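J.: Let me give you the structure first, and then I'll get to my questions.
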Amino acid sequence: MAGGEQYSGVHVLDPEGVDYTGAEVEATTVKPDDPPMPPVQWMKTNLFSSVANSILTVVSGLFALWAIRGILGFIFDPERRWEALATNMRLLLVKSYPFDQMIRVWVSFAILLGLTGLALGLSRSGALAPVSRIASTARNVGLFLILVGFLGPFELGGRIRWWIAGAVLVAVWFGVWRIMGDKARFKMVPMLPFTLVLLGILVGTLWVFPYGDYRFVDNNPTFEAGTVAMTSKIGWSSMWLTLVGAWAVGVAMSRSSFGVGLRKSMPLIWLVAPFFVTWVVMRDPDLDWDHVLSTDIPMFLGFAAIGGVILFFLSKPGLGEAGRLIAIALVVLGLATWVFAFFGWAPLWPMLQKARLSFLLLGIFALAAPTFAGETAKRLRFAGGWVGAMALLHYFATMINTTSTLEIAEPSFLGGATLSLFVATMTMIFSFPLGVLLALGRTSKLPIFRVLCTTFIEVVRGVPLISILFFFVIGFSLFLPQGMSMSQVAQICLGYSLFSAAYLAENVRGGLQSVRRGQFEAADALGLTGLQRTGLIVLPQALRVSIPPLVGQLIATYKETSLIYIVGGFDLLTVANRVISNQSDFLGAKMEPLIFVSFLYWVVAFSMSKYSQTLERKLGLGTR
Amino acid sequence: MTESTTAVPIPDRLKGANDMIECDQVNKWYGDFQALKDVTATIKEREVVVVLGPSGSGKSTWIRCINRLEQHQAGRIVVDGVELTNDTRNIEKIRSEVGMVFQQFNLFPHLTVLDNITLAPRWVKKQPKSEAEENGMALLERVGIPEQAEKFPGQLSGGQQQRVAIARSLAMEPRVMLFDEPTSALDPEMIKEVLDVMKELAREGMTMMVVTHEMGFAREVADRIIFMEAGAIVEEGTPEHFFTNPDSDRTKLFLSQIL
Ligand SMILES: Nc1ncnc2c1ncn2[C@@H]1O[C@H](COP(=O)(O)OP(=O)(O)OP(=O)(O)O)[C@@H](O)[C@H]1O
Ligand SMILES: [Mg+2]
């Protein structure tokens, strides 16, 4: 190729040489872009192929121009008070989280970003895209910017700035096309590093570009438009470094056995992360070390050790009837601790809540023990699983039950976007297994389960979400035993989880019904137990079928978290809709925050739906 | 009806063998419809029995009663000395000794071929993963498709799928294998590869009960042929007797239609 000299100034990559990601090994398996069509021919085939097509093109083109012009006119209207948004960004994201503790929010964000980077690195997932596609994307964006320059309500100077920006992008495309020519369709670029570099450039502009500085000083908004923002550039740069660093670590480890093990435990880590980030990092429990040492740790050790020994014994192969009896006795014991609490007899048998949970969990593990019976190593893993479960349970129960060091007047340390995301995440974590259980119960042969689950599902689906929320926030504490209480956020999460579970259950049930009878028969004929048949054969197939409706339901629930305000929570939408426009400095500034918030909702919902498509494709591999 | 189950000569190789499956006056109804009528038969260890009969005669129903995919309502079924009752322990025991191959293969589409085979040994027999995979590969070798181990069932031909299904059953080291029309869903060119595997199994001394329309297989491999009609056993005999000199008119009619 002719590019040898062109590259000489900036030493990038040997164009023919080894790529740092080893991408060219896979490059052969990625389909190159189709050869580009000349623009005129492209228009002919796609836009003006027939009279009807031409009319449609013209009409919808005019409509699009009109709409873009309207939107631009709205956004860049001098009347718009975007500084209301910029000044209140912190309020939108974390509501009244103490300013001097803001580092905790950054750390939380860094943990999540670090996990993301690690997961991406470990899975070595790297979509590849041909250079030509990246270039033509740049060209299209550039053309759009030029169009914006024409349609927006700008002075001439403003227009020229848009045109220059657009022209730069178009020039990128032109340069690639000139230098690489047809090779651009075959040279693959790993998208992930490319995206990271783009993000880096974006973050880098914080250091030089005068985005302006907007904040409250002693409750007075101060605007310094046209300056380089001081507050966030260090924060965002650290976030970017965390992401990239974690990704690099993940890639480096991905081939080692530790990396493989870590990749397998990523789902568990992801499950624990939201609890850790919110209750430990952001809430900062004020641990009473005397109590921890005298009660919490000994209790954990007791449950872990005694339970571990019992479960190791119960997972002995061929234990038979004796094992079953012991397991049932443990379940009865676990349930009894709750019955005592709920009927107000707790003083007769006082214990901490986490002890009750531990007893119940021990019963469930005991029931599952025969399924995990096997050679010693396998039994040890099972007992180890118990110890791990206990560690998590006792750790988080202790943290959640300890008062926070934060001084916040409101009922919750979460607010704004953090509250919305928190409720949505908890709802997903709890409603998914609950929905699966409800679906299984509804299709089970046991009449009690069937009737209970069916009743629950039908009642919840027939009641508006708002009344369920009211019930849980106002009425639910009447059902709780004496001495047991729930924070308002927990009540809200519970309400959402039960609501969402009822809908998820119906989706899962649809999936269950699509599993063919032969699958049940084959599992039975092989001697699998009913539990194994469900868990290993039926559910995996049912869930795979129901991924699209399940994700659709999760997205719907996520958007419905905007109803939190009805029961008095300050979620993202409430802050945007009611708080900002009531500030004396920004009276009536409603549209700006609402547009921004809608955009945030859209980004998350869109990513979820994209992810579900990827998941579907990945899982679809095995099916016909 | 029970008279017909008399005097089938026992081949030399089965002399002194234990009874593997005993059915005594087995009856089954679907609602008001009686699908099995006083079915009585005994199958010896290492014996290969082929069950023939017109469509709807109850062949599948009978064979499926033997591992409790269907429940009989009267009579006794005893497999290797264990009677099938509502006691789940007996059902578990019998299912672990009886393998079954279905017309529609019924492989698990979400698992690879090797995982299909190792699933039951690992979860039911509690075999360690490495051991189960070693056995699984040996079985795939035996049915002639070790190179397909990492594929998914949907990527295999019908004949290959059925051979995987046979390997999956064999992985549980059953003492009896039930086949319900194992080749009926296959294209002609794939039937042979499955029948060859079954012949090999029979030669190795597996007790087999086979519902099939493959008369060649029946003639060549069966020790005994049982002919059913309308839920009852009409005639029993060696292949030679059955194909050349059947007793009942109904059998003659069936043979004239099928041969
Ligand atoms: N689940 C069921 N409910 C009601 N009737 C059934 C059911 N299964 C089978 N039958 C009836 O029982 C009879 C015997 O069916 P079976 O499937 O055992 O026949 P078959 O001999 O295997 O026939 P084929 O050669 O077509 O497979 C048939 O008349 C059938 O309609
Ligand atoms: Mg049949």
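J.: What is the distance in Å between the Cα centroid of the stretch A:93-134 and that of the stretch B:1-80?
T.: Here the answer is 65 Å between Cα centres.
J.: In whole Hz, what ³J(HN,Hα) sequence does the stretch A:503-514 give by Karplus (6.51, -1.76, 1.60; θ = phi - 60°), x for Gly and Pro?
T.: Using θ = phi - 60°, the values come out as 6, 4, 4, 5, 5, 5, 4, x, x, 4, 5, 7 Hz.
J.: While we're on this one: Which of the aspartates and glutamates could a cross-linker bridge to B:K151, judged by Cα under 13 Å and excluding same-chain residues fewer than eight apart?
T.: B:D115
J.: Each label point is 7 Å from the Cα along the Cα-to-Cβ direction; what then is the distance between the points at A:I326 and A:A377, in nm?
T.: 2.4
J.: Can you compute the FRET efficiency between A:F313 and B:D187 using 1/(1 + (r/R0)^6), with r the Cβ-Cβ distance and R0 = 60 Å? Round to the nearest 0.05.
T.: Efficiency computed from Cβ-Cβ geometry: 0.65.
J.: Let me have the relative contact order for chain B, percent, based on Cα pairs under 8 Å that are six or more residues apart.
T.: Answer for chain B is 27 percent.
J.: So, one more: Between the stretch A:359-393 and the stretch A:236-296, what is the separation of their alpha carbon centroids in Å?
T.: With the stretch A:359-393 and the stretch A:236-296 each reduced to a Cα centre, they are spaced 24 Å.
J.: When the helices in chain B are scored as -39500 (n - 2.57) per DSSP H run of 4 or longer and the sum is shared across all residues, what 222 nm value do you end up with, to the nearest 500 deg cm²/dmol?
T.: For chain B, the value works out to -11000 deg cm²/dmol.
J.: Are there GluC sites (Glu not before Pro) in the stretch B:85-166 that DSSP marks as loop and that have at most 14 other Cβ atoms within 10 Å, and which are they?
T.: Listed in order of number, the matching sites are B:E150.
J.: First check a/c for the stretch A:98-284, with a ≥ b ≥ c the square roots of the eigenvalues of its C-alpha gyration tensor; if it is under 1.5, answer rounded, and if not, answer prolate when a/b is larger than b/c or oblate otherwise.
T.: oblate
J.: When only C-alpha pairs under 8 Å and at least 6 residues apart count, what is the relative contact order of chain A, in percent?
T.: Rounded, it is 14 percent for chain A.
J.: Moving to a separate point now. List the GluC sites (Glu not before Pro) within the stretch B:152-259 that fall in a DSSP loop (any state other than H, G, I, E or B) and whose Cβ has at most 12 other Cβ atoms within 10 Å.
T.: Here the sparse-neighbourhood loop sites are B:E204.
J.: Straight-line reach only, C-alpha to C-alpha below 24 angstrom: list the lysines that A:K610 could link to, leaving out same-chain residues fewer than 8 apart.
T.: A:K31, A:K264, A:K559, A:K618
J.: Let me ask something else about it. Less than 27 Å apart at the alpha-carbon level, and either on another chain or at least 8 residues along: which lysines does that give for B:K93?
T.: Reachable lysines: A:K316, A:K378, A:K445, B:K15, B:K28, B:K37, B:K44, B:K59, B:K125, B:K126, B:K129, B:K199.
J.: Quick one: what are the phi-derived ³J(HN,Hα) couplings along the stretch A:275-281, Karplus 6.51/-1.76/1.60 with θ = phi - 60°, whole Hz, x for glycine and proline?
T.: 5, 4, 4, 7, 7, 9, 6
Laboratory data are not the source of any read-out in this text; all were calculated from the coordinates shown. Fair warning: this is a prediction, and the values are worked out from it, not measured in the lab. Using ideal geometry, Cβ is built from the backbone for each residue, glycine included, and neighbour counts are taken over all protein chains shown.
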